[in-house]
């Protein structure tokens, strides 16, 4: 993961079932946050309140767009303008 980030290849990290349906800036923000959260030294890891703030910002970057998610027999959509809409398939 770190190598892909260093090479600017964030798309290699994304869940392939998303089929490219994500905001690139939002993905970058979440990946960078995840890397900080997994720092070897606890002192370098963000506080949980900072994690929440960053995730809310990642959602905001999606701009309240509808994300279509196909699964099994049906499909569903999730509106990204609420705090609880950050859904990982």
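The values are calculated or read from the model by the stated rules, or taken from the named source; none is laboratory data. Given the structure is predicted, the values throughout are model-derived calculations rather than measurements. In this analysis, Cβ positions are derived from the backbone assuming ideal geometry, glycine residues included, and neighbour counts consider all displayed protein chains.
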- [ ] Name, by its number, the condition in (1) in contact with a helix residue (DSSP H, G or I) (Cβ under 8 Å, 6 or more places away or on another chain); (2) part of a loop (DSSP other than H, G, I, E, B); (3) modelled with pLDDT under 85; (4) surrounded by 10 or more Cβ atoms within 10 Å (Cβ to Cβ) that does not hold for residue 11.
- [x] (2)
TODO: Of the numbered conditions (1) in a helix (DSSP H, G or I); (2) modelled with pLDDT of 80 or more; (3) loosely packed, with under 12 Cβ neighbours inside 10 Å, residue 50 fails exactly one; give the number of that condition.
DONE: (3)
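Examine the stretch 23-46 for a residue that is part of a loop (DSSP other than H, G, I, E, B) and modelled with pLDDT under 90, and state whether such a residue exists. Spell out how you get there, then give the answer.
To start, the set of residues in the stretch 23-46 that are part of a loop (DSSP other than H, G, I, E, B) comprises 23, 38-41, 45-46.
Applying the additional criterion that residues be modelled with pLDDT under 90 yields 23.
Looking through the stretch 23-46, at least one residue is part of a loop (DSSP other than H, G, I, E, B) and modelled with pLDDT under 90.
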